[in-house]
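Read through the structure below, which is laid out as structure tokens, and then see the notes.
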Amino acid sequence: MAISSFGRGRDAEYDAKSSASTPAPSSSPAPGGLTAFIDQGSEFEGKLSFRDTVRIDGKFRGEIASENSLIVGESGEIDAEIHSKTVSISGTVHGNVIAQHKVVLHKTALVNGDIEAPTLVVEEGAKVSGKITMPGSTGKASANLKAVPGGGESKKGGESKKGGEGKDSDA
């Protein structure tokens, strides 16, 4: 089984189409395909540098530099400074995220750090604690900021209530 089959979404569809039309040599994956996968239960520390797409569902601590895409799965726990072309986060990231193209925060994402990217896609439910910078925007940051519904039910328990109207609660 080729490691590129672990990708999902558009990358997986691309890999299926490209392998059907022209078989790729076994030593190099299809362009844009998944080249490495750090599975849940794995822990790594150090400096990770790669050219294509890497998916992390385990724990990683250190520095990450990519020329293409980083995918942080739901069980992924990253404690690192991230520099990549595109970053897709469904898990937890402690550290700054700098993307040349785009950052996507899925509904289960938790980011404790600053985000810098020209385009930011945030699903309802994602949490960010840090500064968001969108370089290249000319006063129209909302043109590159996309709100995406999470698809889940709205949480009414978390809404603030207007309690104590007309009453003095300290008395």
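The numbers here are math on the coordinates, done by the rules we state, and not lab data. Since this is a predicted model, take the numbers as computed values, not measurements. Here the Cβ positions follow ideal geometry from the backbone for every residue, glycine too, while neighbour counts run over all protein chains shown.
Okay, here's what the table says:
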| item | result |
| --- | --- |
| Residue within the range 57-70 that is closer than 18 Å to V122 by Cα, touching a residue at least 12 places away in the same chain (Cβ under 8 Å) and part of a strand (DSSP E or B) present | yes |
| Residues of the range 73-114 that turn out to be part of a loop (DSSP other than H, G, I, E, B) and more than 19 Å from G125 (Cβ to Cβ), as a count | 3 |
| Identity of the residue in the range 46-97, surrounded by fewer than 20 Cβ atoms within 10 Å (Cβ to Cβ) and hydrophobic (A, V, I, L, M, F, W, C), that ends up nearest to G113 (Cα to Cα) | A65 |
